[in-house]
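Single-structure report; data block below.
The values are calculated or read from the model by the stated rules, or taken from the named source; none is laboratory data. If you're wondering where the values come from, they're calculated on a predicted model, not measured in any experiment. For neighbour counting, all protein chains shown are included, and Cβ atoms are generated from backbone atoms with ideal geometry for every residue, glycine included.
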Amino acid sequence: MKNIIKLISILSIISFCVNCTKDNKEYNGKSLVEFTQNELYKMISFTDTADIIIPIKIQLESKSLAENKTIHIEIIDSNTAILGKHYIVNNYNVELKSGDIFAIFNVIVKASKFTEGEAVSVLFGISADSSEIKPANNYKIFKLSITKQSFIDVFVGSYKCDEPANQDSYITSFIPGSEPNTIQNLNFWNFPSTGQKLIYTLTKDTSMNIQIKEQNWIDKSGKEYLISGSGKYDIKGNMIVNYQIRYNGIIYESGIHTFTPIRD
């Protein structure tokens, strides 16, 4: 009797294991396509004038297919980006080749046609009527946003400041000034009073000059100084500035600040 019970138990275990095969995860539904993301932001450098190719990736929502398929892209609604001015598209038909799961739709951005600080956008969609594979509900529309960097934005952000006069190196930040072509140093001399800013004026021409027009500035201890200076910048945002600090009418310190941008 014990042997019969044991045999039944063994058969039950075998039967259970046979039925415990992995779920079939192969895609058995209808093949669909979508953009791999629904939005992209592109910043054009202030110095960029050449055309910029932006590849927009499209993916298949199934296993790869046995034959080539054409996906048609269309422009959706009215957009602030002007076709033929801000961007061009050479081919709205994208071929998804057999065996592949990704295809690329290229947009050519005309950097030279943007004005300083100009921001535009355009919406693209996968056509349900003209594509040989229908779009998925998810990510069937793609937004491309493009901004041309302004001159002053080249010099806005975090900087490493080298100050040989005091054998010091520290981090500072520049923000836009209230006047055209000006920036404000938030950590001059690594010793500013709360809220103190030093204004730098940049010439927007081939001289690439920087000027610190004579201005009052207060340090952390409450002492008030008169600051002035001049220097040069380059198109990558690097700056070298000779500064002079006066206190009670006499020169307290003269030195050089080398500002190197910290980019993400």
Taking the condition in contact with a strand residue (DSSP E or B) (Cβ under 6 Å, 6 or more places away or on another chain) and of a type in the set (A, V, I, L, M, F, W, C), does Ile75 pass?
no
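Table: residues versus (1) farther than 22 Å from Gly117 by Cβ; (2) among the hydroxyl-bearing types (Ser, Thr, Tyr); (3) surrounded by 15 or more Cβ atoms within 10 Å (Cβ to Cβ); (4) free of Cβ contacts under 8 Å to residues at least 12 places away in the same chain.
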| residue | (1), (2), (3), (4) |
| --- | --- |
| Tyr170 | yes, yes, no, no |
| Tyr200 | no, yes, yes, no |
| Thr203 | no, yes, no, no |
| Asn216 | yes, no, no, yes |
| Ile235 | no, no, no, no |
| Tyr243 | yes, yes, yes, no |
| Ile256 | yes, no, no, no |
| Phe259 | yes, no, yes, no |
| Arg263 | no, no, no, no |
Sort through Ser112, Ser121, Ser130 and tell me the only one that's in contact with a strand residue (DSSP E or B) (Cβ under 7 Å, 6 or more places away or on another chain), surrounded by fewer than 14 Cβ atoms within 10 Å (Cβ to Cβ) and at pLDDT 95 or above.
Ser130
Which of the residues that make up the stretch 162-216 are touching a Lys or Arg at 6+ places or on another chain (Cβ under 7 Å) and on the phi > 0 side of the Ramachandran plot?
Asn181, Met208
When residues of the stretch 65-79 are filtered for being assigned to a loop (DSSP other than H, G, I, E, B) and either touching a residue at least 24 places away in the same chain (Cβ under 8 Å) or surrounded by 13 or more Cβ atoms within 10 Å (Cβ to Cβ) (or both), how many remain?
7
